[in-house]
Every structure is written in structure tokens, then in C-alpha cells.
1. Quick check, is B:M189 part of a helix (DSSP H, G or I), at the interface with chain A (Cβ under 8 Å from one of its Cβ atoms) and more than 18 Å from the chain's Cα centre (by Cα)?
2. With B:P105, B:P128 as the choices, which residue is out of contact with any strand residue (DSSP E or B) (no Cβ under 8 Å at 6 or more places or on another chain) and in a loop (DSSP other than H, G, I, E, B)?
3. Quick check on region B:27-44: of everything there that is assigned to a helix (DSSP H, G or I), surrounded by 17 or more Cβ atoms within 10 Å (Cβ to Cβ) and facing chain A (nearest Cβ under 10 Å), which residue is modelled with the lowest pLDDT?
4. Whether any residue in region B:207-219 is surrounded by fewer than 19 Cβ atoms within 10 Å (Cβ to Cβ), facing chain A (nearest Cβ under 7 Å) and under 28 Å from B:P71 (Cα atoms) is what I want to check.
5. Select from region B:89-102 the residues that are outside any helix (DSSP H, G or I) and without any contact (Cβ under 8 Å) to a residue 12 or more places away in the chain and write down the one among them that is farthest from A:Y19 (Cα to Cα).
6. Which residue out of B:T164, B:T237 is modelled with pLDDT under 75, among the hydroxyl-bearing types (S, T, Y) and within 18 Å of A:A44 (Cα to Cα)?
7. Being buried (at least 23 other Cβ atoms within 10 Å of the Cβ), within 14 Å of the chain's Cα centre (by Cα) and farther than 17 Å from B:I59 by Cα: is that true of A:V17 here?
Amino acid sequence: MNEWLLILGMMLVTFGVRYPVMLLVGKLPMPDRVVRALRYVPPAVLAAIIVPSMLYPDGQTLDLSLQNSYLVAGVVGVILAWRTRNLLLTIVLGMGFFLLYRAVFGLT
Amino acid sequence: MTAGPRQEFIAGVRATIPLEIGAAPFGMIFGALAVTSGMTPAAAQGMSLFVFAGASQFIGVNLLAAGTALPVIVLTTFVVNLRHALYAATLAPHVRHLPQRWLMPLGFWLTDESFVVVANHYNEPGDPRYRHWFYLGSALLMYLNWQLWTLVGIIAGSAIPDPTRWGLDFAMVVTFIGMIIPTIKNRPMLAAVVAAGVVAALANPLPNKFGLILAALCGVAAGVIVEARRGEVKPETTP
């Protein structure tokens, strides 16, 4: 079935990135340049995922207004993360602010 | 004093509890989105059980709902997961003495969240002998919690017409913000984040989340270029 084929494909590329690298690094020499470039992959990928979700809350329309709770709470989250450097505080306060903001302004 | 396997395991579970607060709503919204976009409940749970990669699953379901071709979804998943290559490479020196029966599950269970707490723990002073038990504790909690909340989301998504209206997907946004910001310790890293964010915003209208792949590549390129221009950056442990 199609969806199980998708799961199989996603499983192969996910496990196929995680496991072999863990197995081979240290046993095979990794070029220094590759290792350095790799350090930028996580923040780049994560930023590429979250910035559009903040700016295009419905996936298609750019929304820069204060009605956009994802954008407002996202900016608050950045400030929280920057000031506290504490992941738990950022998640709890950021999520709390987001829900409160939506409740107060009646956004759905 | 050396912490034994049991203490390490419990410490790993404890260190991961805070991250479950972000993962719970994220897992729930995944389950709900999966069934409302046409997946069967079994496949939705199956994806959490066998793929176990939050951001990829989320993007996969979105693409599936948009009618994207299967190979394109798998390719996008691959690019989104490339960051795990760095995680695995960072942890490899600490775990390479372990036998296969450890390495395969630990590799399968590698996530952003477990990586953050496990890498920190390996950097702490003390005897690292049993620290793979810490990793196991962290990974098992992440895995079980993810399955549980996927199931809750599947049930809720089958009962409630439009679960995205709750805005729970913001949990993913704020969790990733909390993980990215502390890693911005120098200019190349800032350049990578800003370039990826700007390109992702501009390229959002491109079909099939192609903008995501483009943005990730531009971000990495920006980091490498700024680093090369500034000369040697002091080696830093990431994140």
C-alpha cells in the first residue's frame, strides 16, 4: 500500500543517515571540511523549517500582522531563548504566551 | 564516584523530561494531522514507530496531504534528516566501543532532543563508562512518549474535525527556537541561521517544500563562507 511504502522509504533514509554515520565515524577518516560544514546543518535546517511556519501560518499567505500569533509568539520565543538560554523555560513560557495571546485576542 | 548503569539510565530519563513538554503537543498534532489528511490510523502510528523523526513526519504528512509524489517526500525527508549526520558524527567517538546490539537501537533512536542532553552529558567530567545507559534512558523516554502522544493525536484527530485550529503545531516552532538560539555563538553560525531563514521565507511559494531544501543548502553555504572569510574559528562543541 502507498502509505506503507512511504513509511518504508522514510525509514530507510532516516535510519540510513543516523546509523551508518555513527558506525563509520572514527573508523573511516572524515575530511575536516565536511565535518566543519556539517556543524551548520542543524541550525540551517531547523531555521528553514520554522521561519515559514511563523511567516505563513496557513502555509500560503504571508502574514506580518499582529493577528499572526505564530509570528508574535515566535519573536517572543527567540527573545526568551536568547535571554534565558534555557530550553525548558523557552518552551513552557513560549507556549504559554502563544496560547494566552490567542485567547486574549480571540484568534483561532 | 562512578555512576552505574541504573543511575545513568535514570539520569538520562530525568534530563529528557523537560523536552517532553515540547514533544507531547508536537506528537499529538502529528497524529491528528496524519489522520485528518487521509492516512489510516495504523499508518500514522506506524510512521511514529518505524520512522521516528518528528520534523520529517510532520513535513511528510503535509506533503502527502498536498498530493506530492512519493520519491519527492522521501528526498525531502532525507534533507531534513541530514542534521542527524552531525549528531551521529558528534556522538560516534563516545559510542564506537559498543557492540552492534547497542549501536543499532541507539542510532535508530537518535533525535534532536536526545542529542542535546546526551552530548551535554558526555561533555561533563567524570567516568563515561556507563553513559550509553544515559543515552538509552533518554532515547526510550522520547520514543515511548512520542508513541503515546501520536496515539492521543490519532484519537483526537478522528473525533475533532480541524485539529490544526488549536495551534499546537507552535510547539514544534518554539522547541526548535529553543534549540537553535543557544547554538548561535559566532558569526558563521548566525549567518547560517539568517541565510536559511531568509531563503526559506522567500522560497516558501515553491512547490513540494523545495524551498526548505534550498534554504538549508544556502544556510550551510553561508556558514562555510563566513567562516572561511574570518579565518580560523575556535573549535567549539556543538551545540
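1. Values: part of a helix (DSSP H, G or I): yes; at the interface with chain A (Cβ under 8 Å from one of its Cβ atoms): yes; more than 18 Å from the chain's Cα centre (by Cα): yes.
Answer is yes for this residue.
2. So the residue among B:P105, B:P128 that is out of contact with any strand residue (DSSP E or B) (no Cβ under 8 Å at 6 or more places or on another chain) and in a loop (DSSP other than H, G, I, E, B) is B:P128.
3. B:A34
4. no
5. B:H97
6. Of the residues listed, the single one that is modelled with pLDDT under 75, among the hydroxyl-bearing types (S, T, Y) and within 18 Å of A:A44 (Cα to Cα) is B:T237.
7. Spelling it out, it is not the case that A:V17 is buried (at least 23 other Cβ atoms within 10 Å of the Cβ), within 14 Å of the chain's Cα centre (by Cα) and farther than 17 Å from B:I59 by Cα.
Results for (1) more than 17 Å from B:A171 (Cα to Cα); (2) in contact (Cβ under 8 Å) with a residue 60 or more places away in the chain; (3) among the β-branched types (V, I, T), shown as yes or no for each residue.
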residue	(1), (2), (3)
B:A11	yes, yes, no
B:P18	no, no, no
B:G46	yes, no, no
B:F50	yes, no, no
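The values are calculated or read from the model by the stated rules, or taken from the named source; none is laboratory data. Model, not experiment: these values are computed from the prediction. In this analysis, Cβ positions are derived from the backbone assuming ideal geometry, glycine residues included, and neighbour counts consider all displayed protein chains.
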